[in-house]
Amino acid sequence: MKTQFIAMPMFKADEPGKATESVTVPHVLLVIGIHREELDFGKEVSAMINAEDVAVLTVPEVISGRRLRADQLLQYEHLHQRLYTQLLSHVTEQYMALIDLHTGEDQNGPKADFFCADQALREQLEKRIHGDANLLDQRVRLIPLDTPGLLHVVTVIPEAIWNNSDFRYIGLEIYLPETKAGRIAACHLTNYLIDIIADCFRD
Ligand SMILES: [Zn+2]
């Protein structure tokens, strides 16, 4: 598994869905599929993304984030470190913000957690989210990344990713209900939230 990972191709931003005449360069990069089980939802979300605002990066080799045995944890951490370190070179000096999309389960969902170390950005997001009539307060939480959070990968993400002066890291964890309608609602909610983030980085 480790050898496979070393041999993985370098990240390459996904081609935009359709040709665009615009020369607008997105300031925000959305990364999907860090965890294998979560890739499908990432694809559903990215299909609705406005390519002028947000570039999408699909992780070429993904890690299973679930049902790890104790003896697999160390390897899991190493894989994350490598993956995120590789991601770092892709983000630095190209983007102002990195959105790292993850999913969890919640039958009362969809719900969302933002994980962000930058207090100013958290406050900016909080103001927009809690002032938005479309978003009920209890559906979206803003969680500082410098305190132990709930994002299931947070402890294995290198600090150079989530605390970097060159760009802002926003972990976005979406909690999905099992129903199809709930999943579609989650997809719309995610896009709505990504748009709010992108709006913070518009010129
Ligand atoms: Zn995940």
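Just a few scattered comments:
- Counted charge near Y95, where neighbours are those whose Cβ lies closer than 11 Å (Asp, Glu -1; Lys, Arg +1): -1
- Whole-number percent relative contact order across segment 27-200, with pairs defined as alpha carbons under 8 Å at least 6 apart: 31
- Taking each residue as 0.36 nm, the span from D203 to Q119 lengthens on full extension beyond its C-alpha to C-alpha distance by 28.2 nm.
- Evaluated at q = 0.09, 0.12, 0.17 Å⁻¹: base-10 log I(q)/I(0), Debye formula over Cα of segment 27-200: -0.28, -0.51, -1.08
- Nitroxide proxy distance, nm - points 7 Å out along Cα→Cβ at D195 and A47: 1.8
- Listing D132, D113, D203 from fewest to most neighbouring C-beta atoms within 10 Å gives D203, D132, D113.
Where a number appears in this text, it was derived from the coordinates with a stated rule and is not lab data. Since the model is a prediction, treat every value here as computed from it, not as a measurement. Positions of Cβ are generated from backbone atoms using ideal geometry, with glycine treated the same way; all protein chains shown enter the neighbour counts.
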